[in-house]
1. I need the strands (runs of 3 or more DSSP E) fully contained in region B:13-106, keeping only those with at least 1 residues that are surrounded by 14 or more Cβ atoms within 10 Å (Cβ to Cβ), within 11 Å of chain A (Cβ to nearest Cβ) and touching a residue at least 12 places away in the same chain (Cβ under 8 Å).
2. Kindly indicate which of B:86, B:71 is modelled with pLDDT of 95 or more, of a type in the set (Val, Ile, Thr) and farther than 25 Å from residue B:12 by Cα.
3. With respect to residue B:87, is the statement that it is farther than 19 Å from residue A:35 by Cα, in contact with a Lys or Arg (Cβ under 6 Å, 6 or more places away or on another chain) and of a type in the set (Ser, Thr, Tyr) true?
4. Can you pull out the residues in region A:78-87 that are surrounded by fewer than 22 Cβ atoms within 10 Å (Cβ to Cβ) and on the phi < 0 side of the Ramachandran plot?
5. In region A:12-46, what residues are among the hydrophobic types (A, V, I, L, M, F, W, C) and under 18 Å from residue A:76 (Cβ atoms)?
6. For region A:22-58, enumerate the residues that are basic (Lys, Arg) and either on the phi > 0 side of the Ramachandran plot or in contact with a Lys or Arg (Cβ under 6 Å, 6 or more places away or on another chain) (or both).
Amino acid sequence: AQKVTQAQTEISVVEKEDVTLDCVYETRDTTYYLFWYKQPPSGELVFLIRRNSFDEQNEISGRYSWNFQKSTSSFNFTITASQVVDSAVYFCAPRSGGGSNYKLTFGKGTLLTVNP
Amino acid sequence: NAGVTQTPKFQVLKTGQSMTLQCAQDMNHEYMSWYRQDPGMGLRLIHYSVGAGITDQGEVPNGYNVSRSTTEDFPLRLLSAAPSQTSVYFCASNRVSGAGEQFFGPGTRLTVL
């Protein structure tokens with residue numbers, strides 16, 4: 001079973017600031033996956049990134065970057081030069097890499113508000 | 001390609017009523033699941049299915065039934081609605097091979113009075 005902690009309940013920044021959303025996970029699996037989803041005010045869930053447990057390379061996609069550190073069980077998400085459209089709830093979600101249970105374990109989410 | 005669709009988008013029920021939330025996907029995904037989202041709780045898994053004819057319980061299954069007669073459809077039935085089932089319900093699907101991300105439907109907002 002997985003567990004995930006998103007310690008930041010709410011973050012408020014001013015446009016163009018950089019912001020990092022923290023995610024700490026717990027798992028007994030040797031193979032697992034980590035996901036980030038975005039939920040804008042409209043309510044849908046948007047997939048952002050997937051990371052395999054055996055691939056610790058950081059990833060950058062435009063203004064988004066992810067820092068995966070197995071040693072600290074963290075998978076943090078940074079938005080550079082934030083924009084108002086980044087305002088959303090962000091969820092970190094680990095998933096087992098084996099068996100037939102593809103269940104995502106969602107954290108409680110971090111509400112990011114980007115003010116103009 | 002519609003992805004994952006859910007109907008209805010909104011529903012109001014009275015305590016004790018039953019209803020079915022519909023979910024369909026057109027991506028030929030084997031795995032489908034239902035989550036509920038409550039304020040401050042993230043999403044919690046209700047039921048899931050790894051293929052037609054196979055379903056299993058998630059972490060909050062009480063009060064809900066599911067069946068999977070086809071690959072495409074995965075309806076969620078509320079047997080006797082209770083105010084505690086007021087929530088937003090999301091259906092999701094993904095391939096079982098590799099580590100494909102789950103695709104989510106737009107959600108159904110259910111209020112039980």
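The values are calculated or read from the model by the stated rules, or taken from the named source; none is laboratory data. As the structure is a prediction and not an experimental result, all values here were calculated from the model. Neighbour counts are summed over all protein chains in view; Cβ atoms, including those assigned to glycine, are modelled from backbone coordinates with ideal geometry.
1. Those strands (runs of 3 or more DSSP E) span B:31-37, B:43-51, B:87-94.
2. Only one candidate qualifies: B:71.
3. Considered against the rule, which asks whether it is farther than 19 Å from residue A:35 by Cα, in contact with a Lys or Arg (Cβ under 6 Å, 6 or more places away or on another chain) and of a type in the set (Ser, Thr, Tyr), residue B:87 comes out as yes.
4. A:78, A:79, A:80, A:83, A:84, A:85, A:86, A:87
5. A:13, A:19, A:21, A:23, A:24, A:34, A:35, A:36
6. none
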